[in-house]
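Just so it is clear, none of the values below were taken in a lab; they were calculated from the coordinates. Just so we're clear, the structure is a prediction, and the values are computed from it rather than from any experiment. Every residue, glycine as well, gets a Cβ built from its backbone with ideal geometry; the counts of neighbours run over all protein chains shown.
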């Protein structure tokens with residue numbers, strides 16, 4: 001008997017009309033649906049009259065469940081993996097299951113569909129040609145601020161998810177680490193009734209969050225613009241040297257050498273060097 005495939009099925013992040021017909025067809029046809037929270041997913045499945053058997057797969061049981069599900073797949077029972085909302089594995093469980101399936105030669109078929117990070121970014125007005133998705137920031141303040149410090153030299157848009165109970169603290173850390181010069185976009189409750197995009201400085205976002213308690217409720221996507229580089233302020237011969245050294249040295253070291261030689265800011269040269277890649 002040949003193994004059955006594992007389907008990765010995105011589900012709506014708010015508006016149920018965003019589910020695809022293919023997702024409905026797959027969920028209606030599989031033997032099992034592995035859900036992050038079966039109680040939460042039951043509402044979605046009932047809405048679309050889907051009656052497949054469900055079991056939970058979350059951070060605390062993924063090792064054990066992955067082994068069980070792989071055996072079911074090897075026995076010919078098809079499985080669909082869903083999360084509470086959006087695309088599985090994107091800051092949600094599923095990595096261990098997919099990795100185990102690949103190791104055992106089980107087909108993994110991913111369906112396209114809703115993803116909060118991409119939805120928010122596409123409407124943010126920030127640069128989308130290059131971006132980095134970081135998932136959730138660390139819970140503890142020191143670790144969170146350390147993670148944010150990396151953005152001081154990043155020329156690309158950075159996308160984070162954030163929980164309602166931490167969003168204000170996170171914005172205060174963004175302000176403390178990055179100041180008020182960076183363009184921030186905070187997306188709230190995407191595709192839902194109270195969807196909002198708050199755009200401006202860190203202070204602008206903090207002011208909006210503190211206007212009333214309801215503003216801090218819901219799910220958030222935080223997007224931070226990259227550092228803007230004015231390469232015209234860097235002499236041509238300095239850029240030429242940076243480009244030459246970059247082929248022989250790590251960029252950080254090359255930027256330090258050029259900065260010392262021309263008495264320029266190392267951070268500005270490092271950022272300019274990223275643009276040469």
*Label-to-label distance, nm, for residues given as residue 89 and residue 52 (7 Å Cα→Cβ offset)*: 1.6
*For the chain, just the Cα set please: Rg and Dmax, both in angstrom.*
22.7, 70
*Estimate the FRET efficiency between residue 217 and residue 15 by the formula 1/(1 + (r/R0)^6), using the beta-carbon distance for r and 22 Å for R0, to the nearest 0.05.*
0.75
*Label-point separation (nm) for residue 60 and residue 228, each offset 7 Å from Cα along Cα-to-Cβ?*
4.7
_Please report the antiparallel percentage of DSSP beta bridges with both residues in the chain, rounded to the nearest 5._
45
*asked:* No solvent, one uniform scatterer per C-alpha: report log10 I(q)/I(0) for the range 231-274 via the Debye equation at q = 0.15, 0.20 1/Å, two decimals.
replied: -0.25, -0.46
*Part-to-part distance (alpha-carbon centres) for the range 99-122 and the range 1-46, which is given in Å*: 13
_To check you understand DSSP bridge types, tell me what percent of the beta bridges within the range 29-111 (both residues inside) are antiparallel, rounded to 5._
0
*asked:* Considering only C-alpha atoms, what is the centroid distance from the range 212-263 to the range 131-185, in Å?
replied: 17
*Looking at the range 116-224 from every direction and averaging, what is the projected area of its Cα convex hull in nm²?*
6.0
